[in-house]
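Heads up, the thing below is written out as structure tokens.
What follows draws every value from the coordinates through simple rules; no lab data is involved. Keep in mind that this is a model prediction, so the values were computed, not measured. Backbone-built Cβ (ideal geometry, glycine too); neighbour counts: all protein chains shown.
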Amino acid sequence: MRWIHKFDEEYHDQLFDLYIQEWWTKGRLKSDVISAFENSDVVFGWLTDDDQLIACARVLSDFTFKALLFDVIIADTHRGEGLGRLLLDQITGHERLKNVKSFELYCPDHIAPFYEKYGFKRSSSNLLTL
């Protein structure tokens, strides 16, 4: 198994297939998903020995104060194997992100306990959208 930090064209189909399995991704176009990953500051992909993409995430950051995690996804067939923790370890330990003071993400209440085990805390601030 190995990590990748760029999704070359050979992985675009796999990335989109993994991505559209989530409840928040319905109706998104492949071109938009690829663009989102290409325009993120740091991206992560976990490949099996036979080059199957089984996890991904992307991060937007100023590399000092904040890093915002997006699209943290583990393939259904590999959940419960510790890949979520490995992915978070890769993100927080990444060379460009390891000195960031605050990592943030948005998730529904039923997923929050997983992140809380890693040390994330629920925020009292409100998310405002436009």
field: Matching entry among S40, S125 (being among the hydroxyl-bearing types (S, T, Y), crowded, with 17+ Cβ neighbours inside 10 Å and either on the phi > 0 side of the Ramachandran plot or out of contact with any Asp or Glu (no Cβ under 8 Å at 6 or more places or on another chain) (or both))
entry: S40
task: Please work out if C107 is part of a loop (DSSP other than H, G, I, E, B), surrounded by 11 or more Cβ atoms within 10 Å (Cβ to Cβ) and under 16 Å from the mean Cα position of the chain (by Cα).
output: yes
task: Could you please find all residues in the range 27-53 being touching a helix residue (DSSP H, G or I) at 6+ places or on another chain (Cβ under 7 Å), within 20 Å of Y106 (Cα to Cα) and free of Cβ contacts under 8 Å to residues at least 24 places away in the same chain?
output: V33
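When residues of the range 54-88 are filtered for being in contact with a helix residue (DSSP H, G or I) (Cβ under 9 Å, 6 or more places away or on another chain) and of a type in the set (D, E, K, R), how many remain? Steps first, please.
At the first step, the residues of the range 54-88 found to be in contact with a helix residue (DSSP H, G or I) (Cβ under 9 Å, 6 or more places away or on another chain) are 54-59, 67, 69-75, 84-85, 88.
When the remaining residues are screened for being of a type in the set (D, E, K, R), the result is 58, 71, 85.
So the answer is 3.
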task: Check whether at least one residue in the range 53-72 is among the charged types (D, E, K, R), surrounded by 20 or more Cβ atoms within 10 Å (Cβ to Cβ) and under 22 Å from F120 (Cα atoms), and report yes or no.
output: yes
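If you take the residues of the range 36-67 that are assigned to a loop (DSSP other than H, G, I, E, B), farther than 14 Å from Y19 by Cα and among the polar types (S, T, N, Q), which of them is farthest from the chain's Cα centre (by Cα)? Lay out the reasoning, then the answer.
Quick first cut of the range 36-67, residues assigned to a loop (DSSP other than H, G, I, E, B) only: 39-41, 48-52, 62-65.
Narrowing the set further to residues that are farther than 14 Å from Y19 by Cα leaves 39-41, 48-51, 62-65.
Filter once more, keeping what is among the polar types (S, T, N, Q): 39-40, 48, 64.
Numbers: N39: 14, S40: 11, T48: 17, T64: 19 Å.
Among residues in the range 36-67 that are assigned to a loop (DSSP other than H, G, I, E, B), farther than 14 Å from Y19 by Cα and among the polar types (S, T, N, Q), the one farthest from the chain's Cα centre (by Cα) is T64.
Matching residues to (1) in contact with a strand residue (DSSP E or B) (Cβ under 9 Å, 6 or more places away or on another chain); (2) more than 25 Å from K101 (Cα to Cα); (3) of a type in the set (G, A, S):
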residue	(1), (2), (3)
I20	no, yes, no
R28	no, yes, no
T48	yes, yes, no
C56	yes, no, no
S61	yes, no, yes
F70	yes, no, no
- prompt: Hey, among the residues in the range 80-103 that are surrounded by fewer than 14 Cβ atoms within 10 Å (Cβ to Cβ) and touching a residue at least 12 places away in the same chain (Cβ under 8 Å), which one's nearest to I4 (Cα to Cα)?
  reply: R96
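Can you say whether L18 is outside any loop (DSSP other than H, G, I, E, B), aliphatic (A, V, I, L, M), on the phi < 0 side of the Ramachandran plot and in contact (Cβ under 8 Å) with a residue 12 or more places away in the chain, as far as the supplied structure shows?
Details: outside any loop (DSSP other than H, G, I, E, B): yes; aliphatic (A, V, I, L, M): yes; on the phi < 0 side of the Ramachandran plot: yes; in contact (Cβ under 8 Å) with a residue 12 or more places away in the chain: yes.
Spelling it out, L18 is indeed outside any loop (DSSP other than H, G, I, E, B), aliphatic (A, V, I, L, M), on the phi < 0 side of the Ramachandran plot and in contact (Cβ under 8 Å) with a residue 12 or more places away in the chain.
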